[in-house]
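Read the structure below first, then the notes.
FYI, it's all coordinate maths here, none of it is from the lab. It should be emphasised that the depicted structure is a prediction, and the values quoted were computed from it without experimental measurement. Ideal geometry is used to build each Cβ from the backbone, glycine not excepted, and the neighbour counts take in all protein chains shown.
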Amino acid sequence: MTTIDIRELRQLAQAIRLETLKALTALGFGHYGGCMSVVETLAVLYGEVMRIDPGDPDWPLRDNFVLSKGHAGPALYSTLALKGYFPQAELQTLNQNGTRLPSHPDRLRTRGVDATTGSLGQGVSIAAGMALSHRLAQRDNRVFCILGTVS
């Protein structure tokens, strides 16, 4: 990875932070800490590591991402918007009636979301199932999962 790549990833992370903070501020509540804790990981995965195609979010050869700590969904939404899955302006509709951006990721409502999550820990089994499915189909898709804990 070059210095330019690292600079671009830092800029993406900063943009994810900013868009997430704007969306949560407009909403008036949310899991700020949980969202901020995943920003750098999302920037690296979506900016450099994962094989994705925002124009074809169901591309069969794409890598998959599962946000097991669903309360950090606004950070994922900001990442997806910045990568072109949907307009950034839509971030301002977070958790409002009729939105495609509910408080926790929902793959049936949000373009680019691979797994519906909410309860902590359920994403691990979803990710394992995705990985097994890829292996059985003899595909080399990768599956990434971010976990969270409760204290």
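Could you list, in sequence order, all residues of the range 105-134 that are of a type in the set (G, A, S), surrounded by fewer than 19 Cβ atoms within 10 Å (Cβ to Cβ) and in a helix (DSSP H, G or I)? I'd like the intermediate steps shown before the answer.
Filtering the range 105-134 for residues of a type in the set (G, A, S) gives 112, 115, 118-119, 121, 123, 125, 127-129, 131, 133.
Now drop any that are not surrounded by fewer than 19 Cβ atoms within 10 Å (Cβ to Cβ), which leaves 118-119, 121, 125, 128-129, 131, 133.
Hits for the range 105-134 are S125, A128, G129, A131, S133.
Suppose we keep only residues that are surrounded by fewer than 23 Cβ atoms within 10 Å (Cβ to Cβ) and touching a strand residue (DSSP E or B) at 6+ places or on another chain (Cβ under 8 Å) within the range 54-81. Which one would you say is farthest from K22 (Cα to Cα)?
We begin by selecting, within the range 54-81, every residue surrounded by fewer than 23 Cβ atoms within 10 Å (Cβ to Cβ); these are 54-64, 68, 71.
If we keep only those that are touching a strand residue (DSSP E or B) at 6+ places or on another chain (Cβ under 8 Å) as well, we get 63-64, 68.
Values: D63: 28, N64: 26, S68: 23 Å.
Only one residue tops the list, namely D63.
Restricting attention to the range 20-70, which residues are of a type in the set (S, T, N, Q) and not in a helix (DSSP H, G or I)? Give the steps one after another, and end with the answer.
Going through the range 20-70, the residues of a type in the set (S, T, N, Q) turn out to be 20, 25, 37, 41, 64, 68.
S37, N64, S68, listed by residue number.
Here is a yes/no grid of residues against (1) of a type in the set (F, W, Y); (2) touching a strand residue (DSSP E or B) at 6+ places or on another chain (Cβ under 6 Å); (3) closer than 17 Å to V49 by Cβ:
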site	(1), (2), (3)
Q88	no, no, no
H104	no, no, no
R107	no, no, no
R111	no, no, no
A115	no, yes, no
A128	no, no, no
A137	no, no, no
N141	no, no, yes
I146	no, yes, yes
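Just to be sure before I move on: is E40 under 24 Å from Q122 (Cβ atoms), under 15 Å from the mean Cα position of the chain (by Cα) and among the charged types (D, E, K, R) in the structure I sent? Walk me through it before giving the result.
Details: under 24 Å from Q122 (Cβ atoms): yes; under 15 Å from the mean Cα position of the chain (by Cα): yes; among the charged types (D, E, K, R): yes.
Here the answer is yes, as E40 does meet what is asked.
Those residues that are surrounded by 18 or more Cβ atoms within 10 Å (Cβ to Cβ) and in contact (Cβ under 8 Å) with a residue 60 or more places away in the chain, I need them from the range 24-33; list them, please. Spell out how you get there, then give the answer.
Of the range 24-33, the ones surrounded by 18 or more Cβ atoms within 10 Å (Cβ to Cβ) are 24, 30-31.
Those that are surrounded by 18 or more Cβ atoms within 10 Å (Cβ to Cβ) and in contact (Cβ under 8 Å) with a residue 60 or more places away in the chain: L24, G30.
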